[in-house]
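The values are calculated or read from the model by the stated rules, or taken from the named source; none is laboratory data. What you see is a predicted model; the values in this text were computed from it and never measured. Because the Cβ atoms are built from the backbone with ideal geometry, glycine has one as well, and the counts that use them run over all protein chains shown. These area figures cover heavy atoms from the full protein model, side chains too; ligands, DNA and RNA do not enter into them. Shrake-Rupley method; radii C 1.70, N 1.55, O 1.52, S 1.80 Å.
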Amino acid sequence: MAREIPTIYDSTAVEAEAAKLWADGHYFHADETSEAPKGTYAIVIPPPNVTAALHLGHALNNTLQDVLIRWRRMQGAETLWMPGTDHAGIATQTVVEKRLLAEQGKRRTDFQRDEFVGHVQSWKDEYEACILGQLQSMGCSCDWDRVRFTMDETCAKAVRTNFFNLFKDGLIYRGKRLVNWDPATQTVLADDEVEHQNVQGFFWYFQYPLETPVEIDGQTVDHVTVATTRPETMLGDTAVAMNPSDPRAKALVGQKVRLPIVGRLIPIVADEHVVLPNPESDDDKAKFSTGFLKVTPAHDPDDWQIGLRHDLEVINVMAPDGSISDKHGWEDATAPEAQNLLGMDRFEAREAIVDWFRTEKLLEEVRDYAHEVGHSYRSHVPIEPYLSDQWYIAVKKPIDHLAEKFGTEILEGTDVPANSLAGLALKPLLEGRLKFYPERYTKNYQLWLENLRDWPISRQLWWGHQIPVWTLDMQCPSEGDLTLVEEDEYPEPVISEMQEVAEEQETTGVFNFGNHAHFQLPHSEKEGWIRIYKCVDAGNQEYEKKLEEQGWVRDDDVLDTWFSSALWPFSTMGWPDENDTLKKFYPTQVLCTAREIITLWVSRMVMMGQYCVGEIPYSDVYIHAMIQDGQGRKMSKSLGNGIDPLVAIDSHGADAMRFTLANMTTDTQDVRMPVAEIELPDGRKVNSSPKFDNGRNFCNKLWNASRFAMLNLEGTDPNAFDAAKLDITDKWILSRLAKTIDAVTEGLEAYKYNEPLNEIYKFFWNDFCDWYLEWSKPRMQDDAQKATAQNVLAFVLDQVLRLLHPFVPFITEGIFQNLNAIAPNRGLNGIMELTAGKSIMISPWPESISGQIDAQVEADIEVVQSVIRSIREVRSQYNIPPSKKVPASASASEAMCGLLNTNSALIGQLAGVAPFEIAAGLEKPDNAAAVVAGEVQVYVHDVIDPDEERKRLQKQKEFVEKGIRPLEGKLSNENFVSRAKPEVVEQSRAKLKELQEQLAAIEKHLAELG
RNA sequence: GGGCGCUUAGCUCAGUUGGCUAGAGCACCUGCCUUACAAGCAGGGGGUCGGGGGUUCAAGUCCCUCAGCGCCCACCA
């Protein structure tokens, strides 16, 4: 007995039932011992940050992944969708710091490290649960038995192992570099955590007096003028640089200037980096340049490089909070003018210094200048380049033991060796083994790797993977023999070789032993001492304890979040341990993510996948659009324009949300999602989007079509089906379905979403509902036809559900269950055997039935439809109520009349005509409206309004003439006839003929009206 | 500064390799509660595809150029 089915689709109930069915069946679980004939299909989720709940971008990202996973699962592959979350170092720590400040009035430094990490941990627990719940609500068929977290034990082991291996291979080194310092939060920021903002600022032109005036072209020159946007940094200037090709260089290079305020004597050096002045240039640097560049190695990355080239002194004049200070490396702040500046904030100091130059008449000029300034994405203050010691990964250094596997050549057009980390990521792309969809993103990835710089991986944070390196300062055993330190203690060296790992600070080598590796730096702050860095492999806690007892100190810093994310495709599968999951599912098939992390994440996973496992982690990378609000702005908390997927699920249903998101997914790079406040049934006012109405309407339509099926499929007997009894509408719908199945499968193969979904939409709504179901109604009341109609209806609906399931899993499952109850066997004898599982999600994907494609049937039905539309047009024009039957007749060629007569019942039913006479040569009765439907003249009787008639025919005439004109033009153009493809010319001729015949008919009718 | 993308109906967007009178959804107008569906049905109005130039028998679709918008990357003299 069919259940009572409401006319409005109730997503809440259906979603809950389907979710329970799936969980009970354990269908999401990936079996690593499976021998599925279609092989495996795996995706690792881009782990959402545990900073906050998921937003609509995640909903899109995960919908697309679920579509692929569900589709492949139905195709018979053993699928694994690996779920999990990312600890997101700085971002999470920052939100927790904010919460603690707000709730307890305490700063991070008010806690012990363990205590603070505990607070972050509980934040993580809260949001991880929330995120996983959101994913489940969306219907994501992740393997929930395998949920990972980038800091869980499994992932942590992978991180430790990889760090150790990199260290052992001499790829990790200690470097002094300028980092992006956020003086407000007093942390280092990664490059990607710096936002560039256009700032309206100034160029100040300062005169620096020469120690000794020089003669240039007969003129006495007693100063040089430098231009700067950051006057406060001049306190740390240790040189003035000029281009060697500058005509003045000969006289000036080697001279000294006395730095104002400080009184320091600094050299003038020659460096190609300096841009020659050229007021006419389009290049801002040349336009504003004086030819002299103040060099502040401690406070500017460019200057740092210049400093390295000329061995300049590095003087840091700021404290970590951005104030001017003589406590962090500035030793000659003795002049009273300099003393005055100490303690000032950097921007205060800027003004004070400019004032000083003005007062001293050394300020030559001030010019407006708009430029990009890096800001902290957290505190939004300008970042300060700041000198500090950091851990780095050498990305272009050849890795000897990978030479055989990956080659040693320098990749063409780059300076990247194939067996360097950058090479490992770049080569598969160049060889076409790694593909981006859409293709244009390939370039992003390639350019980034070609210009890659060493990767700074340490972060001055508490939340993250603590760097597994212990340090000990010890007195040099003897000068010039640094390498013997402690070696006796570790009797069985595995490898021992000298490696230069850093340009600036040469280490004495990397020494590898059983469970640890170390290198040592010859220099130490303490004279006669050296510093030893020892990295300990995973699983050696006892050894670590021993080290600490001996006075070794573990590095406080943690690793960049991306270091652990880079391992995600295999750390989640238990690497480095050998196991079946890894063997079975690595490499995965595709990564589905947003373009903003192509470089940060995608490339690093490829790099580390190659380095650790020896294979790229996926062959395809699908990049989807970014979701913006109705005004084209990024969705963000601060703008209040975000949409919570759970809210969308409440307002429209999970399937509706998924449908809309997939439907918007084309190759475009941004999509807009208008945001509107709506009121939920429970009274909550929330942000959602009217765009989800599309999806909701579709689900409702689907629901009601199935409702119709439920009312008509009672007693469906598969044995009563006989392919010979199919009528034209059956053949037509099967032909349409056959085309749809192929289009959907092909579309998904090509990572299209909107296209296949649209194909099903049109088939389901426009063909199946609008025509087939309507035509099936009388057949359902006719015992002679009922069995055939029932079987076809059940079959087509079943196939529609399966095609839709990856997109809208809940509702299709709900209907599938109903269908299983009422018509369990839905195959069509002689056409297609169908097996249905307990759940649609494990039922086979529709196979191609291209043998059912029937062009003649489709053409015939098109004629029938056009006649019906013509009659409906007249009915609508004369406001004839649907319930009223009107008499009509039609005339056409003998052949066409035969077709129409055969199918007159179809026309009569959906056009509301009766009686309906069809014959060649029939004349238009008086008081009938005439419509030209292709080759057919249709007369709707008893309609009396000559004026209306004239109007309509006139309109149709214009329409046809509009079609004739360009065709005539083309065909009278000899070039077209001779040069265009013959079939195009033929097509045009046929079309023209048809239109001319229509025109003649219309004109005849018009003439008859008088 | 480098790279990428967008500009098609009132709104949000499709338009594959250039080729039938440029499409969809929403909104709008008219008529319908027709026994699955008013979150629906039937019918209808509305764009010459940002501006300009070029290639071609033929351009929304290729090339050049101008304008506007957006994103990513980049060491802020």
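Built from the Cα atoms of the stretch A:775-869, the convex hull projects on average onto 7.7 nm², one quarter of its surface area. Using a probe radius of 1.4 angstrom, the carbon and sulfur fraction of the accessible surface of chain A is 48%.
To the nearest 10 degrees, how steep is helix A:421-430 against the longest Cα principal axis of chain A, on a 0 to 90 scale? It is inclined by approximately 30 degrees. Each peptide in A:397-407, A:807-817, A:101-111, A:869-879 was scored by the mean count of other Cβ atoms within 10 Å over its residues; highest first, the order is A:807-817, A:869-879, A:397-407, A:101-111.
The A:Asn879 and A:Glu364 beta-carbon pair, evaluated with R₀ = 60 Å, returns a calculated FRET efficiency of approximately 0.10. Taking each of A:Lys20/A:Lys435; A:Lys405/A:Lys435; A:Lys38/A:Lys701; A:Lys287/A:Lys396; A:Lys397/A:Lys435 in turn, the alpha-carbon distance tops 29 angstrom for A:Lys20/A:Lys435; A:Lys38/A:Lys701; A:Lys287/A:Lys396. Per residue, the stretch A:731-816 exposes 26 Å² of accessible surface when a 1.4 Å probe is rolled over the protein heavy atoms with every protein chain present.
Under 5 Å from the amide H of A:Gly201 lie the amide H atoms of A:Tyr369, A:Ala370, A:His371, each residue being 5 or more positions distant or on a separate chain, with H modelled from the backbone and absent for Pro and chain starts.
Under 1.5 on a/c is rounded, so check that first for the stretch A:527-644, then, if it is not, pick prolate when a/b is larger than b/c and oblate when it is not; a ≥ b ≥ c are the square roots of the alpha carbon gyration tensor eigenvalues. Because a/c hits 1.5 or more and a/b fails to exceed b/c, the stretch A:527-644 counts as oblate. A simple count of charges around A:Thr561, restricted to other residues whose Cβ falls under 9 Å of its Cβ and scoring Lys, Arg +1 and Asp, Glu -1, yields -1. Dipole orientation for chain A: of the candidates A:Ile728, A:Asn927, A:Thr228, A:Asn927 has the Cα lying most toward the positive pole (charges on Cβ; Lys, Arg +1; Asp, Glu -1). With respect to chain A, whose longest principal axis is taken over its alpha-carbon atoms, helix A:153-168 is tilted by about 50°.
Ranked by the mean number of other Cβ atoms within 10 Å per residue, highest first, peptides A:317-326, A:763-772 order as A:317-326, A:763-772.
With Cα atoms as the point set, the radius of gyration and Dmax of chain A evaluate to 37.7, 121 Å. Listed by chain and number, the lysines placed with their C-alpha closer than 29 angstrom to that of A:Lys546 are A:Lys157, A:Lys168, A:Lys526, A:Lys534; residues fewer than eight positions away on the same chain are left out. Remark: the stretch A:20-88 carries 29 Å² of accessible area per residue (probe radius 1.4 Å; ligands, DNA and RNA excluded).
Using only the Cα atoms of the stretch A:196-329, build the gyration tensor, take square roots of its eigenvalues as a ≥ b ≥ c, and label the shape rounded, prolate or oblate: rounded if a/c is under 1.5, else prolate if a/b is larger than b/c, else oblate. Here the stretch A:196-329 falls in the oblate category. Alpha carbon centre of the stretch A:355-372 versus the stretch A:286-334: separation in Å? Between the Cα centres of the stretch A:355-372 and the stretch A:286-334 lies a distance of 19 Å.
For chain A, the longest principal axis of the alpha carbon atoms and the long axis of helix A:654-663 meet at an angle near 80°.
With distances taken between every two different alpha-carbon atoms, the stretch A:43-171 has a Kirkwood hydrodynamic radius of 16.6 Å. Computed about its Cα centre, the charge dipole of the stretch A:209-281 is approximately 240 debye, with only Lys, Arg, Asp and Glu carrying charge at their Cβ. Quick check: from the Cα gyration tensor, does the stretch A:702-834 come out rounded (a/c under 1.5), prolate or oblate? Note, shape of the stretch A:702-834 comes out prolate. Each peptide in A:297-303, A:641-647, A:981-987 gets a packing score, the mean of other Cβ atoms within 10 Å over its residues, and the list from highest to lowest is A:297-303, A:641-647, A:981-987. Beyond 21 Å, what share of the Cα-Cα pairs of the stretch A:241-310 remains, rounded to the nearest whole percent? Of all Cα-Cα distances in the stretch A:241-310, 27 percent exceed 21 Å.
Taking the Cα centre of the stretch A:888-979 as origin and assigning +1 to Lys and Arg Cβ atoms and -1 to Asp and Glu Cβ atoms, the resulting dipole is close to 500 debye. Taken as Cα centroids, the stretch A:104-177 and the stretch A:928-969 sit 71 Å apart, rounded to the nearest whole angstrom. Here chain A is treated with +1 on each Lys and Arg Cβ and -1 on each Asp and Glu Cβ, and its dipole about the Cα centre works out to around 3400 debye.
The residues of the stretch A:209-333 have, on average, 43 Å² of accessible surface per residue, using a 1.4 Å probe with all protein chains present.
Once you reduce the stretch A:651-709 and the stretch A:187-241 to the center of their Cα atoms, the two points are 57 Å from each other.
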